[in-house]
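Everything on this sheet refers to the single structure shown next.
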Amino acid sequence: MKKLIRDNVFPATGEVLVLTDDDKFHEHLRDELEELVTDYFEAKTTPGELDALADVMECCYALASLRGVSVTSMDNARNIRANLRGRFNRRKLWVEP
């Protein structure tokens, strides 16, 4: 099994490889994002949800960085989209006819 790990994690067993190929790193980041979103859905407590969301954001930042996009630029893009399309503050739900 191969699993992406964070910079400050040092496994007790196995070998740690450094991914130098951007496409492979991107592939593993996407896999990690999927796993982290699943962790969020499986979280049973508010602190657990918060930790999972923080992990999702970290993975998104890494994906953006791989494409040359800074955290600030990503947050600006999020704000622009929110200003154009709105946020989720009003809790609106569309029901298909």
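Values quoted throughout were computed directly from the atomic coordinates according to the rules given, and no laboratory measurement underlies them. In this text, all values refer to a predicted model and were calculated from it rather than measured experimentally. Every residue, glycine as well, gets a Cβ built from its backbone with ideal geometry; the counts of neighbours run over all protein chains shown.
Efficiency by 1/(1 + (r/R0)^6): what FRET value for residue 54 and residue 94, r their Cβ-Cβ distance, R0 = 41 Å, to the nearest 0.05?
Efficiency computed from Cβ-Cβ geometry: 0.90.
Of the residues 59, 88, 47, the one whose Cα sits farthest towards the positive end of the charge dipole of the chain is 88 (charges of +1 on Lys and Arg Cβ, -1 on Asp and Glu Cβ, taken about the Cα centre). Evaluated with a Cβ-only charge set (Lys, Arg +1; Asp, Glu -1), the chain carries a dipole of roughly 760 debye about its Cα centre, given to the nearest 20.
List the trypsin sites (Lys or Arg not before Pro) within the chain that fall in a DSSP loop (any state other than H, G, I, E or B) and whose Cβ has at most 14 other Cβ atoms within 10 Å. Walk me through the intermediate numbers first.
Working: sites: 2, 3, 6, 24, 30, 44, 67, 78, 81, 85, 87, 90, 91, 92; in loops: 2, 3, 6, 44, 67, 87, 90, 91, 92.
Qualifying residues, ordered by number: 2, 3, 6, 44, 67, 87, 90, 91, 92.
Normalising the average separation of contacting C-alpha pairs (under 8 angstrom, six or more residues apart) by the number of residues puts the relative contact order of the chain at 20 percent. Bridging of residue 24 to lysines at a Cα separation below 26 Å is possible for 2, 3, once same-chain residues fewer than 8 apart are set aside.
Which GluC sites (Glu not before Pro) in the stretch 1-75 pass both tests, a DSSP loop state and at most 14 other beta-carbon atoms within 10 Å? Write out the running numbers ahead of the final one.
Working: sites: 15, 27, 32, 34, 35, 42, 49, 58; in loops: 15.
Those satisfying the criteria are 15.
A convex hull fitted to the Cα coordinates of the stretch 6-66 yields 103 cubic angstrom per residue.
Which whole-number percent is the relative contact order of the stretch 19-67 (Cα, under 8 Å, 6+ apart)? Relative contact order comes out at 43 percent. Under the membrane-span-like helix rule (DSSP H runs whose alpha carbons stretch at least 20 Å along the helix axis, mean Kyte-Doolittle hydropathy -0.5 or higher), the chain yields 46-66.
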